[in-house]
Amino acid sequence: MSAYARYAVYVVPQGKLGAAGAAWLGWDIAQGAEVAQVDGLDLDLPALTQTPRKYGFHGTVMAPFQIRHGARLEDLSQAFTQLCADIAPVGCDDLDVVALGRFVALIPQSGMAELRAMSAQVVEGLDIWRAPMTDTEFERRNRPGLSEVQRGYLRRWGYPHVMDAYRFHMTLTGRMPKVEAGRVVHVAQDYFAPVLAEPVRIDDLALVGERADGRFEVIARCALHG
């Protein structure tokens, strides 16, 4: 039996940005532990972050997936390590807080092509370890708003927002009424401004796992060398 319910590959920031993100959400994915959630922001932060909290502060590279039958965590971890050796670091030094529909996230304003290529390399390289999607799972995830291309990606890769449909982002809130998003963006911009003043570079990736309590934690980190 797998040690975790699902696995994923994330960008998990370290240093000041990682600490700020963990305090915003109230969960430190790197340590697999709760942290004191920042207060005094004139927001109901516990409610706003209830949905993304279990995932931790991260940017998705390969979305959560179940490991294929018969595979071991050790096999997946080794494949992940080998794959990282062929992936080049990516600059991501112009992050900004924006509203994406009804939720708020940190998104780079440039360099998306390089980030998209990095994600595609991981999705393709680790797909052999992903359990095939059942028809029931496909129907559950086949939402009305998906394009035909995204439905094809969902069927082929188990997730619709991959390849040219991929957009790197670091989720900060769950869904909210659009009229509230502007104020949340403003508060989050002020909060993250001190740590976003420093350049951000993605020079490692994290293999993460979903625990029995539904929260994600880092299993392994690997430096990028390609």
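The values are calculated or read from the model by the stated rules, or taken from the named source; none is laboratory data. Every value quoted in this text rests on a predicted model; they were computed, and no experiment measured them. Because the Cβ atoms are built from the backbone with ideal geometry, glycine has one as well, and the counts that use them run over all protein chains shown.
Given the options Leu100, Leu154, Leu146, name the one that is within 29 Å of Leu83 (Cβ to Cβ) and in contact (Cβ under 8 Å) with a residue 24 or more places away in the chain.
Unique residue meeting the criteria: Leu100.
Take Ser119 and tell me if it is surrounded by 20 or more Cβ atoms within 10 Å (Cβ to Cβ) and among the small types (Gly, Ala, Ser).
yes
In segment 122-142, how many are surrounded by 13 or more Cβ atoms within 10 Å (Cβ to Cβ) and either part of a helix (DSSP H, G or I) or free of Cβ contacts under 8 Å to residues at least 60 places away in the same chain (or both)?
Result for segment 122-142: 12.
Within segment 78-86, is there a residue that is touching a residue at least 60 places away in the same chain (Cβ under 8 Å), charged (D, E, K, R) and surrounded by fewer than 14 Cβ atoms within 10 Å (Cβ to Cβ)?
yes
Answer yes or no as to whether Ala22 is assigned to a loop (DSSP other than H, G, I, E, B), closer than 22 Å to Asp203 by Cβ and not β-branched (Val, Ile, Thr).
When the stated conditions are applied, Ala22 does not pass them.
State all residues of segment 55-70 that are surrounded by fewer than 16 Cβ atoms within 10 Å (Cβ to Cβ) and either among the charged types (D, E, K, R) or closer than 12 Å to Tyr7 by Cβ (or both); if no residue qualifies, say none.
Arg68
Which of the residues belonging to segment 46-79 are farther than 22 Å from Trp27 by Cβ and not in a loop (DSSP other than H, G, I, E, B)?
Once the filter is applied, which keeps residues that are farther than 22 Å from Trp27 by Cβ and not in a loop (DSSP other than H, G, I, E, B), segment 46-79 yields Ile67, Glu74, Asp75, Leu76, Ser77, Gln78, Ala79.
From the list Ala105, Ala99, exactly one residue is in a strand (DSSP E or B), out of contact with any Ser or Thr (no Cβ under 6 Å at 6 or more places or on another chain) and not aromatic (Phe, Trp, Tyr). Which is it?
Ala99
Going through segment 180-213 one residue at a time, which ones are loosely packed, with under 13 Cβ neighbours inside 10 Å, hydrophobic (A, V, I, L, M, F, W, C) and not in a helix (DSSP H, G or I)?
Scanning segment 180-213 gives Ala197, Ala212.
I'd like to know if segment 27-40 contains one or more residues that are under 30 Å from Asp164 (Cβ atoms) and either over 18 Å from the mean Cα position of the chain (by Cα) or surrounded by 16 or more Cβ atoms within 10 Å (Cβ to Cβ) (or both).
yes
For segment 143-178: of the residues being under 27 Å from Trp24 (Cα atoms) and not in a loop (DSSP other than H, G, I, E, B), which is modelled with the lowest pLDDT?
If we take residues in segment 143-178 being under 27 Å from Trp24 (Cα atoms) and not in a loop (DSSP other than H, G, I, E, B), then Lys178 is modelled with the lowest pLDDT.
Report every pair of residues separated by at least 6 positions or lying on different chains whose Cβ atoms are under 7 Å apart, first residue within segment 180-196 and within 14 Å of Phe103 (Cβ to Cβ), second part of a helix (DSSP H, G or I) and of a type outside the set (Phe, Trp, Tyr).
Val184/Leu48
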